[in-house]
Amino acid sequence: MLQLPLVVTAQVDLVLLLVSVLALWTRLSRLSYPNAVVFDEVYYGQFVSLYMKRVFFIDDSGPPLGHMILAFGAYLGGFDGNFVWNRIGAEYPGSVSVWSLRLLPALCGALCVPLVYLLTLELHFSHLSALGAALLLLLENSLIVQSRFMLLESVLIFFVLLAFFSYLRFHNAPNSSWFRYCWLLLCGASCAAAVGVKYMGVFSYLLLLGVASLHTWRLMGDQTVSHLSVCVQCVCRAVCLLVVPVLLYVFWFYVHLSLLHRSGPHDQLMSSAFQASLEGGLSRITQGQPLEVSYGSQVTLRSSASQPIPCWLHSHKANYPIRYENGRGSSHQQQVTCYPFKDVNNWWIIKEPGRQDLVVSSPPRPVRHGDVIQLVHGMTSRFLNSHDVAAPMSPHAQEVSGYIDFNVSMPAQNLWRVDISNREAESEVWKTILSEVRLVHVNTSAVLKLSGVSLPDWGFRQLEVVAEKLFKAHSSSLGWTVEEHRYGTSQEQKEREAELHSPTHIDVDRKISFWAKFLELQSKMLTVKQEDSEHKYSSSPLEWVAMETNIAYWLHSSTNAQIHLIGNPVSWGVANLSLLAYQLLAAVYLLRRRRGFKDLPDGVWARFLSLGCVCVGGWLVNFVPFLLMEKTLFLYHYLPALCYLHLLSPALLEHIHTHLLSETHRRALCVCVSAMLVSVFVSYRTFCPLTYGSPELSANQLQGLRWRDSWDILYRRR
């Protein structure tokens, strides 16, 4: 029987509750100020607007989850996407809820503080060390600034810390508890989220996998655990830490592609098949086109190598010069180029050798892999031709031309073999948009390709097309795709020219699979890079360690109110000292242990090593890769690495206090730590006007905050 009264007993960590409330206050108070676009909000805001309008885009800086999180915050505030993100400092209109745009990054930034507290406890350090780590994050000005705007670093840091906390919670839980696998599952999901926000999350994920691998290796050697239990635990770890992150990573893209189903400004980066799957844009042109390319088909051929700007096989009524500027001669036949615009001269007709018909028969006779064809230019009736004449700009390759018989012992060589490179069977039919073909010149075995070189003025600055031997050519530049396609019905030239301006559609429904779109989008994100340009506030990784640089995020249009990404100089210095101290201490311990001196009990030594793996290892994997990157970098790229050092500092001080110092020295250390915490708070308060943008400071006060000559702090003299 149920007995009354019902009693619930709960333990509440008041310190954890206090730092959580303070974190929410420092990150969320006056979140709508300034009511203007701040630094990279101008970049991320464009993607948020495209999400609101369901318009496809591609961002080479990272996967879509981070953008979707920002877009979700905008959706909660009723944002419709109708705001032009064209400059930093532009005022938000009253219809835009600035608070909701910045809410989720601010929440993630606030939750990092209690997460660091809990993570320190899971590393088996005291509540006092946990409080110290939480305070360092709480009072870190750079983390506050980065959390309070529509930016992604705070979101990335949150998921990375959550992944390590949940894994350590799993690792420290009793083996008899099956509930601990919920923590492991949360760890896998957090890893997928971290990678899904920014690719820099991969390095922390690999570090966590390394730690988990060491723990699993020890488990395998534990003779007290049965073989069956070891197998089950290993499988569970593999599923949660490998399979789940991969599946979730793919899921982020599934949601991304499901939401963005309309044509947009980045379509040209994608293949014709991908573009045709989007509403509007190319799909409006290709809707209802015949699927199978047949003899008599009228087609436009897009080069697969023309990235990021597309171009189509093209010819026009202009011949190659008789002699080039360098003295080499040409065939003087009609030019064949690749043209980066839609044009009626991009149309070609598929002709069967030996037959004169340029129309599609009834029923149509499809072109298959291995068939030999001729290509007739729709507007000039010239055959696509190649021969042993050097190309104008690429003399190592053959010239491609529209054949003209000048009676100079230069016969036509206009036969081309269709080679479908992505075929699934040897008798594969050439399909519109879906098939990628190589056109192999029958006489010379050279392959039609885009060289990518621009022709001089006589070629109207269009791109050169050549034929090159297969063993010389890069495979990525050889493919051609039928993009626009109609069945030809007019045999006479005049009628055919009119027909080329009025396409005939046959309703055919074709879509590419999600996996094909996912793989293509993933490939483009990893290979197509936007051109990096030098930025006023860009910096090198070595400048971050000593905070020799800053970033002006926002400046009021008429006053000295401004916001800068500047860290807390005191806590930044403490972080660097802790990193150096740990490395020196670890080196001394290792040398002494090598000589047979065990300064620490095994349990303490294991805890010291765990601290180094997580904190020093975390700093390394989030800092060293930037030393190898050739891209524009900013101070905020260092923030994930900095968080690991703030986690390290209190724990290392506790280790020194407990195991290395005498009672007298411990008191001195407590005094020094207290003075350091006061200095951290004073430094935080000193730079608050540059963190929150208020109160406004005078020019002299701003000059007083320029603690380093390399800092760029702006002010107006009155």
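Could you count how many residues in segment 597-609 are among the small types (Gly, Ala, Ser) and either open to solvent by less than 20 Å² (accessible area, probe 1.4 Å) or modelled with pLDDT of 95 or more (or both)?
The total comes to 0.
Would you point out the residue of segment 54-98, among those that are of a type in the set (A, V, I, L, M) and assigned to a loop (DSSP other than H, G, I, E, B), that is surrounded by the fewest Cβ atoms within 10 Å (Cβ to Cβ)?
Keep residues of segment 54-98 that are of a type in the set (A, V, I, L, M), which gives 55, 58, 65, 68-71, 74, 76, 84, 88, 90, 96, 98.
Imposing the further condition that a residue be assigned to a loop (DSSP other than H, G, I, E, B) reduces the set to 58, 84, 88, 90, 96.
Values: 58: 19, 84: 10, 88: 17, 90: 15, 96: 20.
Checking each candidate, the answer is 84.
Search segment 152-193 for residues being touching a Ser or Thr at 6+ places or on another chain (Cβ under 6 Å) and of a type in the set (A, V, I, L, M), and hand back the single one that is surrounded by the fewest Cβ atoms within 10 Å (Cβ to Cβ).
In this case the residue turns out to be 186.
Count, please, the residues in segment 400-428 that happen to be of a type in the set (Gly, Ala, Ser), part of a loop (DSSP other than H, G, I, E, B) and within 22 Å of residue 378 (Cα to Cα).
So the count comes out to 1.
Among the residues of segment 634-662, write down those that are open to solvent by 20 Å² or more (accessible area, probe 1.4 Å), among the polar types (S, T, N, Q) and in a helix (DSSP H, G or I).
Within segment 634-662, 658 is the sole residue that qualifies.
Could you check segment 429-448 and list, in sequence order, the residues that are in contact (Cβ under 8 Å) with a residue 60 or more places away in the chain and open to solvent by 20 Å² or more (accessible area, probe 1.4 Å)?
431, 434, 436, 442
Out of all the residues in segment 589-596, is one or more open to solvent by less than 30 Å² (accessible area, probe 1.4 Å) and under 21 Å from residue 113 (Cα atoms)?
Taking segment 589-596 first, the residues open to solvent by less than 30 Å² (accessible area, probe 1.4 Å) are 589.
Pick out the ones that are also under 21 Å from residue 113 (Cα atoms) and you get none.
Within segment 589-596, none of the residues are open to solvent by less than 30 Å² (accessible area, probe 1.4 Å) and under 21 Å from residue 113 (Cα atoms).
Residues checked against (1) in contact with a Gly (Cβ under 9 Å, 6 or more places away or on another chain); (2) over 19 Å from residue 404 (Cβ atoms):
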| residue | (1), (2) |
| --- | --- |
| 322 | yes, no |
| 330 | no, no |
| 333 | yes, no |
| 336 | yes, no |
| 339 | no, yes |
| 349 | yes, no |
| 354 | no, yes |
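Just to be sure before I move on: is residue 398 polar (S, T, N, Q) and in contact (Cβ under 8 Å) with a residue 40 or more places away in the chain in the structure I sent? Spell out the reasoning first.
Values: polar (S, T, N, Q): yes; in contact (Cβ under 8 Å) with a residue 40 or more places away in the chain: yes.
Criteria met by residue 398.
Picking from 237, 218, which residue would you name as being of a type outside the set (A, V, I, L, M, F, W, C), open to solvent by 40 Å² or more (accessible area, probe 1.4 Å) and in a helix (DSSP H, G or I)? Walk me through it before giving the result.
Working: 237 fails: open to solvent by 40 Å² or more (accessible area, probe 1.4 Å).
So the residue among 237, 218 that is of a type outside the set (A, V, I, L, M, F, W, C), open to solvent by 40 Å² or more (accessible area, probe 1.4 Å) and in a helix (DSSP H, G or I) is 218.
Kindly indicate whether residue 576 is in a helix (DSSP H, G or I) and closer than 23 Å to residue 705 by Cα. Walk me through it before giving the result.
Numbers: in a helix (DSSP H, G or I): yes; closer than 23 Å to residue 705 by Cα: yes.
Considered against the rule, which asks whether it is in a helix (DSSP H, G or I) and closer than 23 Å to residue 705 by Cα, residue 576 comes out as yes.
Just checking, how many residues over segment 124-137 are open to solvent by 10 Å² or more (accessible area, probe 1.4 Å) and either out of contact with any Pro (no Cβ under 8 Å at 6 or more places or on another chain) or of a type in the set (A, V, I, L, M) (or both)?
Number satisfying all stated conditions: 6.
On the basis of being under 15 Å from residue 465 (Cβ atoms), hydrophobic (A, V, I, L, M, F, W, C) and either assigned to a loop (DSSP other than H, G, I, E, B) or modelled with pLDDT of 90 or more (or both), does residue 440 make the cut?
yes
Of all residues in segment 386-397 being in a strand (DSSP E or B) and open to solvent by less than 20 Å² (accessible area, probe 1.4 Å), which is modelled with the highest pLDDT?
Residue satisfying both the conditions and the ranking: 386.
Residues checked against (1) surrounded by fewer than 24 Cβ atoms within 10 Å (Cβ to Cβ); (2) among the hydroxyl-bearing types (Ser, Thr, Tyr); (3) assigned to a helix (DSSP H, G or I):
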site: 142; (1), (2), (3): no, yes, yes
site: 145; (1), (2), (3): no, no, yes
site: 150; (1), (2), (3): no, no, no
site: 196; (1), (2), (3): no, no, yes
site: 199; (1), (2), (3): yes, yes, no
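Please determine whether any residue of segment 42-50 is surrounded by 13 or more Cβ atoms within 10 Å (Cβ to Cβ) and within 23 Å of residue 138 (Cα to Cα).
The answer is no; no qualifying residue exists.
Taking into account only those residues within segment 683-702 that are open to solvent by 80 Å² or more (accessible area, probe 1.4 Å) and part of a helix (DSSP H, G or I), which is farthest from residue 635 (Cα to Cα)?
Of the residues in segment 683-702, the ones open to solvent by 80 Å² or more (accessible area, probe 1.4 Å) are 685, 695-696, 700-701.
Filter again for part of a helix (DSSP H, G or I), leaving 685, 700-701.
Values: 685: 21, 700: 26, 701: 24 Å.
Selected residue: 700.
For segment 703-716, indicate whether the set of residues that are over 36 Å from the mean Cα position of the chain (by Cα) and either under 24 Å from residue 618 (Cα atoms) or assigned to a helix (DSSP H, G or I) (or both) is non-empty.
Applying the first criterion (over 36 Å from the mean Cα position of the chain (by Cα)) to segment 703-716 yields 703-704, 716.
With either under 24 Å from residue 618 (Cα atoms) or assigned to a helix (DSSP H, G or I) (or both) added as a condition, the list becomes 703-704.
Yes, segment 703-716 contains at least one residue that is over 36 Å from the mean Cα position of the chain (by Cα) and either under 24 Å from residue 618 (Cα atoms) or assigned to a helix (DSSP H, G or I) (or both).
Hey, among the residues in segment 559-587 that are without any contact (Cβ under 8 Å) to a residue 40 or more places away in the chain and of a type outside the set (A, V, I, L, M), which one's least open to solvent (accessible area, probe 1.4 Å)?
This residue is 573.
Please work out which residue is nearest to residue 439 (Cα to Cα), limiting yourself to segment 271-295 and to residues that are modelled with pLDDT under 90 and in contact with a Phe, Trp or Tyr (Cβ under 8 Å, 6 or more places away or on another chain).
Applying the filter and picking the extreme gives 292.
So, in segment 501-526, exactly how many residues are open to solvent by 70 Å² or more (accessible area, probe 1.4 Å) and at pLDDT 75 or above?
3
Which one of 684, 644, 636 is hydroxyl-bearing (Ser, Thr, Tyr), touching a strand residue (DSSP E or B) at 6+ places or on another chain (Cβ under 7 Å) and under 30 Å from residue 197 (Cα atoms)? It would help to see each step written out before you state the result.
Values: 684 fails: touching a strand residue (DSSP E or B) at 6+ places or on another chain (Cβ under 7 Å); 644 fails: touching a strand residue (DSSP E or B) at 6+ places or on another chain (Cβ under 7 Å).
Every option except 636 fails the conditions.
Could you please give the count of residues in segment 13-41 that are open to solvent by less than 100 Å² (accessible area, probe 1.4 Å), out of contact with any strand residue (DSSP E or B) (no Cβ under 7 Å at 6 or more places or on another chain) and either part of a loop (DSSP other than H, G, I, E, B) or among the aromatic types (Phe, Trp, Tyr) (or both)?
The total comes to 7.
The values are calculated or read from the model by the stated rules, or taken from the named source; none is laboratory data. Computed from a predicted structure; not experimentally measured. With ideal geometry, Cβ positions are generated from the backbone for all residues, glycine too; neighbour counts draw on all protein chains shown. Heads up: the accessible areas ignore ligands, DNA and RNA and are worked out on the full protein's heavy atoms, side chains in. Shrake-Rupley method; radii C 1.70, N 1.55, O 1.52, S 1.80 Å.
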